[in-house]
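The values are calculated or read from the model by the stated rules, or taken from the named source; none is laboratory data. Quantities reported herein were computed from a predicted structural model and do not represent experimental measurements. So basically every Cβ, Gly included, is an ideal-geometry build from the backbone, and we count neighbours across all protein chains shown. For accessibility, only protein heavy atoms count, side chains too; no ligands or nucleic acids. Shrake-Rupley method; radii C 1.70, N 1.55, O 1.52, S 1.80 Å.
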Amino acid sequence: MIGQRFEYHAPASVEEAVGLLAAANGDANVIAGGTWVVPELTHGIRTPAHIIDLRHAELSGVSASDAGITIGATTTYSALLDSPLVGEWAALLHTMALGVTGGAQVRNQGTIGGSACYATPSSDAPAALVALDASLTLAEAGGTRDVRAETFFEGAFRSALKQGELLTEIVVPEPPSNVQFGYDKLKFCESSWPIATAACVLGLDGDGVVEFARLAVGGANTKPYVVDTSLLVGTPVTRDLADEVAERAREAADDPYTDVLADGAYRQQVSGVVAKRALLDAAT
Amino acid sequence: MAYAAVLRSPHAHARIKWIDTENAAKAPGVIATLTGEEARELAGPIPFFIDPAVFGGKTTEVRCLAVDKVVMAGQPVAAVVAESVNDAEAALAAITVDYEVLSPVLDADQAMSEDAPRVYDDWDDNVVITIPFVEGDVEAALDAADHVIEDEVSIHRLSTQPIEPRGNMAVWEQDGSLTFYGSIQNPHPLRLHLSQSLGIPERSIRVIAPNVGGGLGLKMHGHPEETLVCVLAKLAGRPVKWHEDRRETLLIGGIEQRHRFKIGFMNDGTIVALQNRIITNIGMLGASPGWGMSFLSALSFPLGYKIAATDVQVQAVTTNKGIWNATRGYGKQGTNVPMERMVDMAARHLGMDRIEIRRQNLIEAHEFPFTTNSGLHIDSGDYHGALDKLVELIDYEELKAEQERLRQEGRYLGIGIAYELTPEAADIPGTIVGGFDSCQVKMGPSGNVTVLTGVTSPGSGNDTGIVQIVADELGVPIDSIGIVQGDTEACPYGFGNYSGRSIVSGGNSAVLAARDVADKVQAGAALLLEAAQDDIELANGLASVKGAPEQAIPIAKVAETIYTLNFAIPGIPEPPLESTRVYKPDNIRHTPDEKGRIQPYPTYSFAVHGAVVEVDVETGRIEITRIGIVHDCGTMINPAFIEGQMAGAVVMGMGNAWTEELKYDEDGIPLSTRFKTYLMPRAGDVPEIELVHQVTPSPFTLLGTKGAGEAGVGGGMSVLTNAVDDALAPLGVTVTELPVSPPNVLAAINRARANGGAA
Ligand SMILES: Cc1cc2nc3c(=O)[nH]c(=O)nc-3n(C[C@H](O)[C@H](O)[C@H](O)COP(=O)(O)OP(=O)(O)OC[C@H]3O[C@@H](n4cnc5c(N)ncnc54)[C@H](O)[C@@H]3O)c2cc1C
């Protein structure tokens, strides 16, 4: 039960939403699916005077554009799973969405934008967006700006979103035709948050030689990070190279996240494991 | 109706300097507010379900709202009643409490040190009770043993979480009587305790437990919120309801304990000595029966193993962690897990097969009934038969071969084996933990039957089981029988639900009552059919003459005749067709024997478990790939319910051992506050359960039934722990610490690798 009073708004457009946000002067909470916000309201962790519900602001849906594919901020995991465009161009997001727990309720309700904006290390979308080198469009009353996923995430529960700003869409650049994706997620059991995730985008030539590689790890550090994969370029992926990449992933986990489920030492140790597994998954 | 919300202490240990509820009283929708000082004027202390003082331990006064001092984070300090739950919860924020924060003591070992903060100011130390169970000369037996292992096993703090959290509602009638509705397990005993805490006669209280969405021990009473809603309803002048939030359910824990032991055994695997010092961390001492699990964890040693010399001692220690309540298994998992670890440790030390060492040490079928070192009188069993069935069920030899093959590939398969003993249907002298129970069977003129029982069902199906029993005895169709449970005004006196007792005590009392009614029906039928009463059979709704099935009369007709032609037909049995009977199981002995031991359990269910896991040694994550169980609870009334209970229990046990843990920060603030931080297993975490029944009836209960429902928790915990241990044996890991969560497993692997590995 939510123990405090607030005013509820359901803006019908981004303009209206950013206007409400500006007017609330920091005492507002945006909700998309509300799967994070509502439990926190119930627990009294958030006590905003205004709730701005984005579900009517026309921010949902997947479309193709010159830049790649554009995913509205309030697109749910179910909508990602149903989208042929995502399946074709960003299969990584399909795999990611498939692994979201909580069943149909959470997949139908939770949004990719909500996961990004909450910026918790225990979430699937962040590392996947970083691996895809996605760009996030942020809007405020004064205008919009684009931020690369890699810089959008600033720490545990911290993002580049400023007070008064909204995430409106996520643009995933169109990948080259020879791309292969890999994804690995470690969770303790069915009900567990993701503990560490790794997403890999690999370009291979006809002989399996790596042309380009991008590998991101989530959950290990307080924010997702890109692993140095330069040693892979120009050679096929081997177990030894994968172990080398794992080592680099582990070294890069220099600001490990700790929560009640797993401490920093654990996350650091498994960061290399998920990185290696995502790489090998992409390579096969 | 009005709704209550409870303000809980944000500190684990603090003195309450003052509380100001004035603003809350003025908040929207608020009807009444209450502080501990005020509540003390309106209600007395909450009676203990099991008072440690009865056993020579220390006790304390438990109030529905803290007065002066809080001793756990989450302890109720004030309450609000309002028009809606939202209003009530919102008003909590307007209450100001000035606390003087005291340093908490959270660890049981630390709590036992000389200079530890005292949880209760007037106690000399934090030890609630020390209970020894000594038999034979353990020092000498250890000296004589070929091998001695000295080690520790610790079990973390865990919890039980029924789907439906607790809920209470109090309605005061104009005549001053009280009706209490609650999601509770023991309506009659609660009535007594409410009368004591509220200071009104027992007869003025009616307690109703409607269908309950799971009990698991958590809903045994003594919680502050039972007395509290009654006081609030009085203050508000209308019915008040309180329904718990999951964060509140997760404040209540159990089991946390450490065993420091020496086990001595011979070259042939015979275990000859066990010395064990147990310390339980019971958190705040409350009136609910949780702390008593400490007693069981010690009493149940050495299960069904024949160990000549044992010296087991438990110390229950209070700390500023959350209160315990009963958790399904009621402390017996605190015996099963360490005992099964010890047996595996001995087997590994000797290079002996783990089935073999159990065969070597368990009581043999011909030795029952068997008196254990702690004085338990185990009614019956066939442990070796169950082990044989398990070996076949899981194809043990083939599994071992597969394990060897996978080890060559660098994969870590573990085969867990565990034996489990579950003493059931307890009667603890001097408490309202009763071992007997009652049943009333009433047949009306239509032949319909109403069954009223003193036992309640937490959703386990005992209501259906009891109806089946009555249908069998009376020979009437199941759909002609209704059952009423959980209403102190309607049902005969009984103790409700705990300790696997509902069929043992409730079912067997139903047999007795139904037989009385059947007797009268048979007498009536004999008269109407002009046959001898001994020749009348009751089946399929008919009373018929043995050997002459055409000579029959509907049972309903007999009932109608008895009720409507009682003056017309001389010699026809007198109405009503009703009987109320109590069933007191045999094999309970409360007079201490020459060693001062009592025997509080009539019957002992058991099981043997096999589980297969694969451990991901890079992450510590485990995959459970097989669960095989041979279960023996004596005579079965309804195997489907037993299978459901066993599946639930074993998965609960596995979750308890694996990812469920109530964690606290260094100030004693709970961190496991929802199902994303207290991780219970889901269907996808476990494979299909392979269950085989073995039936060794109890010679001491009427139908030969033993308890079902608790068995599986200790076994599930033990078998999973043993499986992980077995998987990691090649790395030199010995599992001594629960939970076997991925971080703990990986840490154990890291430690073993740092020590050079070597199995
Ligand atoms: C049972 C359960 C299981 C879950 N399992 C997973 C899982 O497996 N993996 C996983 O990653 N997550 C999981 N989650 C977490 C969560 O549901 C998802 O991460 C989801 O995507 C969050 O999206 P939302 O729209 O519901 O967020 P909301 O709760 O609506 O918002 C989250 C945060 O983002 C802000 N916000 C939302 N949208 C915007 C926007 N457009 N602009 C600016 N700020 C915004 C909100 O103010 C809030 O701070 C689970 C949750 C539950 C309850």
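A few comments on the model shown:
- Number of residues in region A:91-117 that are within 10 Å of the ligand (Cβ to nearest atom), buried (at least 19 other Cβ atoms within 10 Å of the Cβ) and in a helix (DSSP H, G or I): the value is 9.
- The residues of region B:525-545 that are closer than 16 Å to B:Glu473 by Cα and not hydrophobic (A, V, I, L, M, F, W, C), listed by number, are B:Gln533, B:Asp534, B:Asp535, B:Glu537, B:Asn540, B:Gly541, B:Ser544.
- Flag if B:Leu720 is at pLDDT 95 or above, aliphatic (A, V, I, L, M) and under 21 Å from B:Gln257 (Cα atoms): yes
- Filter result for A:Thr120 (surrounded by 15 or more Cβ atoms within 10 Å (Cβ to Cβ), away from chain B (no Cβ under 14 Å), within 8 Å of the ligand (Cβ to nearest atom) and assigned to a loop (DSSP other than H, G, I, E, B)): no
- Number of positions in region B:389-413 that are open to solvent by 70 Å² or more (accessible area, probe 1.4 Å) and on the phi > 0 side of the Ramachandran plot: 1
- 3 or more residues open to solvent by 50 Å² or more (accessible area, probe 1.4 Å): qualifying strands (runs of 3 or more DSSP E) within region B:14-111: B:14-20, B:96-101
- Contact annotation: residue pairs with Cβ atoms under 8 Å, 6 or more positions apart or on different chains, pairing a residue in region A:111-124 that is closer than 12 Å to A:Gly219 by Cβ with a partner that is among the aliphatic types (A, V, I, L, M) and within 6 Å of the ligand (Cβ to nearest atom), are A:Asp124/A:Val100.
- Contacts under 9 angstrom Cβ, first residue in region A:13-39 being touching a residue at least 24 places away in the same chain (Cβ under 8 Å), partner near the ligand (Cβ under 6 Å from one of its atoms) and in a loop (DSSP other than H, G, I, E, B), 6 or more apart: A:Ala32/A:Ala73; A:Ala32/A:Gly110; A:Gly33/A:Gly110; A:Gly34/A:Gly110; A:Thr35/A:Gly102; A:Thr35/A:Gly110; A:Trp36/A:Gly110
- For region A:249-264, a residue qualifies if it is over 18 Å from A:Ser192 (Cβ atoms) and open to solvent by 70 Å² or more (accessible area, probe 1.4 Å), and the qualifying residues are A:Arg250, A:Glu251, A:Asp254, A:Asp255.
- Top-ranked residue in region B:664-692 [being open to solvent by less than 50 Å² (accessible area, probe 1.4 Å) and not in a loop (DSSP other than H, G, I, E, B); ranked as nearest to the other protein chains (Cβ to nearest Cβ)]: B:Asp685
- Answer residue from region B:285-312, given it is within 17 Å of B:Thr160 (Cα to Cα) and not small (Gly, Ala, Ser) and is surrounded by the fewest Cβ atoms within 10 Å (Cβ to Cβ) among those: B:Pro289
- In this structure, B:Ala418 does not satisfy being more than 24 Å from B:Gly494 (Cα to Cα), assigned to a helix (DSSP H, G or I) and assigned by TED's automatic domain parsing to the domain that holds B:Glu643.
- Checking each residue of region A:149-168 against the condition of being farther than 22 Å from A:Ser60 by Cβ, surrounded by 22 or more Cβ atoms within 10 Å (Cβ to Cβ) and within 11 Å of the ligand (Cβ to nearest atom) gives no match.
- In region A:125-148, residue farthest from the other protein chains (Cβ to nearest Cβ) [restricted to those that are within 25 Å of A:Trp89 (Cα to Cα), within 11 Å of the ligand (Cβ to nearest atom) and open to solvent by less than 10 Å² (accessible area, probe 1.4 Å)]: A:Leu138
- Among the residues of region B:260-302, just one is charged (D, E, K, R) and out of contact with any strand residue (DSSP E or B) (no Cβ under 6 Å at 6 or more places or on another chain), namely B:Asp268.
Conditions tested, residue by residue: (1) away from chain A (no Cβ under 14 Å); (2) over 16 Å from the mean Cα position of the chain (by Cα); (3) surrounded by fewer than 22 Cβ atoms within 10 Å (Cβ to Cβ).
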residue	(1), (2), (3)
B:Val613	no, yes, no
B:Glu618	no, yes, yes
B:Asp632	yes, yes, no
B:Phe641	yes, yes, yes
B:Gly648	yes, no, yes
B:Asn656	no, no, no
B:Glu661	no, yes, no
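- When B:Gly475 is tested against the conditions (1) over 29 Å from the mean Cα position of the chain (by Cα); (2) open to solvent by 20 Å² or more (accessible area, probe 1.4 Å); (3) not polar (S, T, N, Q), the lone failure is (2).
- Flag for B:Pro592 being open to solvent by less than 40 Å² (accessible area, probe 1.4 Å), of a type outside the set (Gly, Ala, Ser) and outside any strand (DSSP E or B): no
- Criterion: over 21 Å from A:Leu98 (Cα atoms) and outside any loop (DSSP other than H, G, I, E, B) - qualifying residue of A:Ala199, A:Ala265, A:Ala275: A:Ala265
- Filtering region B:504-543 to residues that are open to solvent by 10 Å² or more (accessible area, probe 1.4 Å) and either touching a Leu at 6+ places or on another chain (Cβ under 8 Å) or at positive phi (or both) leaves B:Leu512, B:Lys520, B:Gln522, B:Glu530, B:Leu538, B:Asn540, B:Gly541.
- All strands (runs of 3 or more DSSP E) inside region B:191-297 with 3 or more residues being within 30 Å of B:Gly454 (Cα to Cα): B:205-208, B:240-243
- If you go through region A:24-47 and pick out every residue that is within 14 Å of chain B (Cβ to nearest Cβ) and in a loop (DSSP other than H, G, I, E, B), you end up with 7.
- Matching residues in region B:661-704 - criterion: being within 16 Å of the ligand (Cβ to nearest atom) and of a type in the set (Gly, Ala, Ser): B:Ser672, B:Ala683, B:Gly684
- Residue tally, condition hydrophobic (A, V, I, L, M, F, W, C), out of contact with any Gly (no Cβ under 6 Å at 6 or more places or on another chain) and outside any loop (DSSP other than H, G, I, E, B), over region A:1-23: 5
- The set of residues from region A:33-85 being closer than 18 Å to A:Gly102 by Cα, within 9 Å of the ligand (Cβ to nearest atom) and aliphatic (A, V, I, L, M) comprises A:Val37, A:Val38.
- Here A:Phe188 meets each of (1) open to solvent by less than 10 Å² (accessible area, probe 1.4 Å); (2) aromatic (Phe, Trp, Tyr); (3) within 21 Å of A:Gly33 (Cα to Cα) with one exception, condition (3).
- Condition check for A:Val18: near the ligand (Cβ under 9 Å from one of its atoms) and of a type outside the set (Asp, Glu): no
- Number of the exception - A:Phe157 against (1) of a type outside the set (Ser, Thr, Tyr); (2) touching a strand residue (DSSP E or B) at 6+ places or on another chain (Cβ under 7 Å); (3) within 30 Å of B:Pro739 (Cβ to Cβ): (2)
- Count of residues meeting criterion [polar (S, T, N, Q), touching a residue at least 24 places away in the same chain (Cβ under 8 Å) and away from every other protein chain (no Cβ under 14 Å)] in region A:151-197: 5
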